[in-house]
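Some notes on the structure that comes next.
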Amino acid sequence: PPAAASPGSGALNPFDRRLKRKQKNWAALQAEPAKCDYLREEVRGRGRWRGHPEGCGRTFPLALDVGSGRGYIAQHLTKETVEKLIQVDIAENALKNAVESEIPTVRVVADEEFLPFKEDTFDLVVSSLSLHWVNDLPKAFREIHQVLKPDGVFIGAMFGGDTLYELRCSLQLAELEREGGFSPHVSPFTAVADLGHLLSRAGFNTLTVDTDEIQVNYPGLFEVMEDLQGKCSMGESNCSWNRKPLLHRETMLAAAAIYQEMYGNSDGSVPATFQIYYMIGWKYHESQAKPAQRGSATVSFGELAKIQGLLKKEKK
């Protein structure tokens, strides 16, 4: 991966990519890493990801998994759907410890923002819960579009703007109360209103953007943070340049109390919400269906309304 941007890069480069690489490498070496895959498994299994390759009704000779991690997607694909798969991730330990699948697989260490492949290479590109750590999301979408063949499809899922809002609010209120100000402890996320526009600008057409929420219950705030960055790490520790490296004990205790008071469940647990954006985009090909030209309609909406009225009368 290329050298990371410096802290002086400002808002255009909010994340320390070298730190993220270290975090993901560390997470991949933890004992029983599969215990932390429950969120990725839930995202993969939800029926709302309607563009799963298995449902496209076609075979993809060559596919690319961007930000593949330990191969969360590959283990659920079949040779009837994907003939050969290339997995790309910034963390070499994640690729070394990837779960084996029945599909012939090649693993490449590379940054999601700088895909080392030629134009018009892949029939399918997939990405699950990785692109929210990319500094330049528009560029990443352009890279994905570029490496796709005409009539190729991109299917992705990423965390959305309301992810972990309970944790963010509790930490901010606690810091304001105890320290007179607050710093970001959860990374920024993309708004759903921007996602379709970014995909369209990158060149994708026939777009589908959908949102869903997954709620996970934990015993308390400390367990939420431990799951994100502690012994059972998902590799989701904050890597923003402007993150605060240390939280005071009193602030943490206050945040835990606020979390419980504002969002606590009746059984004493607390919820953590993960908002997921699902996206599908196709690269243009002349064989694809095209919208009719403006003014070419032969039936007006008014006539359709009359037909509906006649059908109702017939039923009566």
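The values are calculated or read from the model by the stated rules, or taken from the named source; none is laboratory data. Not measured: the values here are computed from a predicted model. Every residue, glycine among them, receives a Cβ derived from its backbone with ideal geometry; neighbour counts consider all protein chains shown. The area values use the complete protein model at the heavy-atom level, side chains included, leaving out ligands, DNA and RNA. Shrake-Rupley method; radii C 1.70, N 1.55, O 1.52, S 1.80 Å.
Given the conditions (1) in contact with a Ser or Thr (Cβ under 9 Å, 6 or more places away or on another chain); (2) assigned to a loop (DSSP other than H, G, I, E, B); (3) modelled with pLDDT of 75 or more; (4) buried (at least 19 other Cβ atoms within 10 Å of the Cβ), report the number of the one that Gly51 does not fulfil.
Unmet condition: (3).
Quick check on the stretch 82-98: of everything there that is in contact (Cβ under 8 Å) with a residue 60 or more places away in the chain and either of a type outside the set (D, E, K, R) or within 21 Å of Met158 (Cβ to Cβ) (or both), which residue is most open to solvent (accessible area, probe 1.4 Å)?
Looking only at the stretch 82-98, we keep the residues that are in contact (Cβ under 8 Å) with a residue 60 or more places away in the chain, and these are 89-94, 96-97.
From what is left, the residues that are either of a type outside the set (D, E, K, R) or within 21 Å of Met158 (Cβ to Cβ) (or both) are 89-91, 93-94, 97.
Working: Asp89: 0, Ile90: 4, Ala91: 0, Asn93: 30, Ala94: 5, Asn97: 66 Å².
The extreme case among them is Asn97.
Each row is one residue, and each column tells you yes or no for (1) touching a strand residue (DSSP E or B) at 6+ places or on another chain (Cβ under 8 Å); (2) buried (at least 22 other Cβ atoms within 10 Å of the Cβ); (3) in a strand (DSSP E or B).
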{"site": "Leu62", "(1), (2), (3)": "yes, no, yes"}
{"site": "Arg70", "(1), (2), (3)": "no, yes, no"}
{"site": "Val108", "(1), (2), (3)": "yes, no, yes"}
{"site": "Lys118", "(1), (2), (3)": "no, no, no"}
{"site": "Val126", "(1), (2), (3)": "yes, yes, yes"}
{"site": "Pro138", "(1), (2), (3)": "no, no, no"}
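Test Glu175 against the stated conditions and say whether it is acidic (Asp, Glu), out of contact with any Lys or Arg (no Cβ under 8 Å at 6 or more places or on another chain) and either without any contact (Cβ under 8 Å) to a residue 12 or more places away in the chain or assigned to a helix (DSSP H, G or I) (or both). Please lay out each step first, then the result.
Working: acidic (Asp, Glu): yes; out of contact with any Lys or Arg (no Cβ under 8 Å at 6 or more places or on another chain): yes; either without any contact (Cβ under 8 Å) to a residue 12 or more places away in the chain or assigned to a helix (DSSP H, G or I) (or both): yes.
It is true that Glu175 is acidic (Asp, Glu), out of contact with any Lys or Arg (no Cβ under 8 Å at 6 or more places or on another chain) and either without any contact (Cβ under 8 Å) to a residue 12 or more places away in the chain or assigned to a helix (DSSP H, G or I) (or both).
Quick one: how many residues across the stretch 232-289 are in contact with a Ser or Thr (Cβ under 6 Å, 6 or more places away or on another chain), assigned to a strand (DSSP E or B), at pLDDT 70 or above and not aromatic (Phe, Trp, Tyr)?
Residues meeting the conditions: 2.
Within the stretch 258-269, count every residue that is free of Cβ contacts under 8 Å to residues at least 40 places away in the same chain and surrounded by 15 or more Cβ atoms within 10 Å (Cβ to Cβ).
1
Please determine whether any residue of the stretch 172-181 is open to solvent by 30 Å² or more (accessible area, probe 1.4 Å), at pLDDT 90 or above and among the acidic types (Asp, Glu).
no
Kindly evaluate Pro150 against the criterion of being open to solvent by 40 Å² or more (accessible area, probe 1.4 Å) and at pLDDT below 90.
Criteria not met by Pro150.
Restricting to the stretch 72-95, name every residue that is in a helix (DSSP H, G or I) and under 15 Å from Gln23 (Cα atoms). Talk me through it step by step, then tell me what you get.
Within the stretch 72-95, the first condition is being in a helix (DSSP H, G or I), and the residues that meet it are 74-76, 92-95.
Correct list: Glu92, Asn93, Ala94, Leu95.
Filter the stretch 4-19 for residues that are at pLDDT below 75 and assigned to a helix (DSSP H, G or I); which is farthest from the chain's Cα centre (by Cα)?
The qualifying residue farthest from the chain's Cα centre (by Cα) is Gly8.
If only one of Thr190, Thr163 is in a loop (DSSP other than H, G, I, E, B), open to solvent by less than 10 Å² (accessible area, probe 1.4 Å) and β-branched (Val, Ile, Thr), which one is it? Even if it seems obvious, please write down each step before you answer.
On the way: Thr190 fails: open to solvent by less than 10 Å² (accessible area, probe 1.4 Å).
Among Thr190, Thr163, only Thr163 is in a loop (DSSP other than H, G, I, E, B), open to solvent by less than 10 Å² (accessible area, probe 1.4 Å) and β-branched (Val, Ile, Thr).
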